[in-house]
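**Q** Take this structure first; my questions come after.
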Amino acid sequence: MRKICVVTSNRAEYWLLKPLMQLLKISQSVDLQVVVAGAHLSDAFGKTINQVRKDGFTVDATVTCLPESDDEMGMIQAISEGMSNFAKAFKSLQPEIIVILGDRFEIFAAAQSAYCLKIPIAHLHGGELTQAAFDEGFRHANSKFSHLHFVSHPEYKARLMRMGEQPDRIWVTGAIGIDGISEFKPATKSALSNVLGFNLEQFILLTYHPSTLDHVPTEIVANNIINALDAFPNYQILITQSNPDPAGRLLNEIWQDYQQKYPKRVCYTQSLGDYYHTAVCHSHCVLGNSSSGILEVPYLGKRVINLGNRQVGRIFPSSVFQVKHDTNDIVNALQRVAELPASEPEQVYGEPGEIASTIVNVLETVSLQNVISKEFYDG
């Protein structure tokens, strides 16, 4: 039984990893270990460790690494705390492979710890770009710490090779978040309303996170978004909570104030969980700067208005409209979406159905002999 440890630090990342974790759990050749960290452990962010357990997973270790303050120093403190605590967890569990996804500072801490302990790392979603966020540097650093790579697009494999990663250690699998979309059947709008305790009719789904390397203050961006949305009073607004990034708490407070001002029009929720794609399907459109708007929402046939530079550098499907944070630009984009016919699903990031199983097959069978020794690929 190969001991494979999956690390998850927040609700969005867990939803992506969940189908992979389910297959690893039932594998006859894998002993699945689960390490839960960061926002999962916080009441302020929905205490989503409870959802991990509810889904049938045993939590083998928890790692505290949540920022104490809403700024860069808080993030640095969390990385430092996370490195120490991840190292203790990995030392105790002794996994043979550690699986990480993406680009967050918590995962950066996990990757450093595993690398120093000489534990092979399998990294999902490397090679991508997000130029206006700290995530950009964390993702590429995680790729260099890692030994096995599962990427969402051939262009991202090429980028990892230019970064010196060996091509025979990179698998183009597609974006794991789309894996179940081919068989996805959304719940009814009334079921979604019951879960939220809010009667949804015609609504816009807003999922926005701070652009941590952008120079526009978060308060200004949030107010521009609100002013634009107020130009469409016939639409309700369903807002998902921001990540615990610098200025994330401030952003969440602004959204909560907005909800209190318009309690019958605005619904703010910590997490949509398994109902996220249902919310996408019933929405008028998705507004924000989440990676889900680039990778997953187009597969559901919904248009996306991507705000600012946080996702700039990724390959955009044609149903994604890129706009600035300016109120007028957002209003014009919303008006344009309202006038367009329904979008057709677009498959830019692979074909749903076999992504998680392909990754599991590699994790089960790949040779780990000398995998720690990384030779730089010069082409």
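**Q** In segment 22-37, which residue that is surrounded by 22 or more Cβ atoms within 10 Å (Cβ to Cβ) and not β-branched (Val, Ile, Thr) is nearest to ILE355 (Cα to Cα)?
**A** LEU24
**Q** For segment 1-97, which fully contained helices (runs of 4 or more DSSP H) count at least 1 residues that are within 20 Å of the chain's Cα centre (by Cα) and hydroxyl-bearing (Ser, Thr, Tyr)?
**A** Correct list: 11-26.
**Q** Any chance you could count how many residues in segment 331-346 are under 23 Å from the mean Cα position of the chain (by Cα) and either at positive phi or not in a loop (DSSP other than H, G, I, E, B) (or both)?
**A** The number of residues fulfilling the criteria is 0.
**Q** Looking only at segment 217-242, which residues are surrounded by fewer than 22 Cβ atoms within 10 Å (Cβ to Cβ), in a loop (DSSP other than H, G, I, E, B) and in contact (Cβ under 8 Å) with a residue 40 or more places away in the chain?
**A** ALA231, PHE232, TYR235
**Q** Name the pairs: first residue in segment 56-69 and at positive phi, second residue modelled with pLDDT of 95 or more and not basic (Lys, Arg), Cβ to Cβ under 9 Å, at least 6 apart or on different chains?
**A** Qualifying pairs under 9 Å: GLY56/GLN22.
**Q** Of these, ALA141, ALA158, which one is assigned to a helix (DSSP H, G or I), free of Cβ contacts under 8 Å to residues at least 40 places away in the same chain and over 25 Å from GLY353 (Cβ atoms)?
**A** Of the residues listed, the single one that is assigned to a helix (DSSP H, G or I), free of Cβ contacts under 8 Å to residues at least 40 places away in the same chain and over 25 Å from GLY353 (Cβ atoms) is ALA141.
**Q** So, TYR377, is that one farther than 23 Å from GLU253 by Cα and of a type outside the set (A, V, I, L, M) or not?
**A** yes
**Q** Based on this model, can you work out whether ALA133 counts as out of contact with any helix residue (DSSP H, G or I) (no Cβ under 9 Å at 6 or more places or on another chain), farther than 23 Å from GLU346 by Cβ and of a type in the set (A, V, I, L, M)?
**A** Considered against the rule, which asks whether it is out of contact with any helix residue (DSSP H, G or I) (no Cβ under 9 Å at 6 or more places or on another chain), farther than 23 Å from GLU346 by Cβ and of a type in the set (A, V, I, L, M), ALA133 comes out as yes.
**Q** Given the condition over 19 Å from GLU354 (Cα atoms) and out of contact with any strand residue (DSSP E or B) (no Cβ under 7 Å at 6 or more places or on another chain), answer yes or no: does some residue in segment 169-178 qualify?
**A** The answer is no, given that none of the residues of segment 169-178 is over 19 Å from GLU354 (Cα atoms) and out of contact with any strand residue (DSSP E or B) (no Cβ under 7 Å at 6 or more places or on another chain).
**Q** Of the numbered conditions (1) in contact with a Pro (Cβ under 6 Å, 6 or more places away or on another chain); (2) under 19 Å from PHE150 (Cβ atoms), GLU346 fails exactly one; give the number of that condition.
**A** Among (1) in contact with a Pro (Cβ under 6 Å, 6 or more places away or on another chain); (2) under 19 Å from PHE150 (Cβ atoms), GLU346 violates only (2).
**Q** Residues that are at pLDDT below 95 and part of a helix (DSSP H, G or I): does segment 122-135 have at least one?
**A** Scanning segment 122-135 turns up at least one residue that is at pLDDT below 95 and part of a helix (DSSP H, G or I).
**Q** Hey, another quick one. Please indicate, with yes or no, whether at least one residue in segment 185-206 is under 23 Å from ASP71 (Cβ atoms), out of contact with any Phe, Trp or Tyr (no Cβ under 8 Å at 6 or more places or on another chain) and in a loop (DSSP other than H, G, I, E, B).
**A** no
**Q** Within segment 310-327, how many residues turn out to be in contact (Cβ under 8 Å) with a residue 60 or more places away in the chain, surrounded by fewer than 19 Cβ atoms within 10 Å (Cβ to Cβ) and out of contact with any Leu (no Cβ under 6 Å at 6 or more places or on another chain)?
**A** Of the residues in that region, 4 qualify.
**Q** Also, I was wondering about something else. State yes or no: is THR269 without any contact (Cβ under 8 Å) to a residue 40 or more places away in the chain and either assigned by TED's automatic domain parsing to the domain that holds LYS189 or not aliphatic (A, V, I, L, M) (or both)?
**A** Taking the combined requirement at face value, the residue does not satisfy it.
The values are calculated or read from the model by the stated rules, or taken from the named source; none is laboratory data. The structure displayed is predicted, hence computed values, not measured ones. Ideal geometry is used to build each Cβ from the backbone, glycine not excepted, and the neighbour counts take in all protein chains shown.
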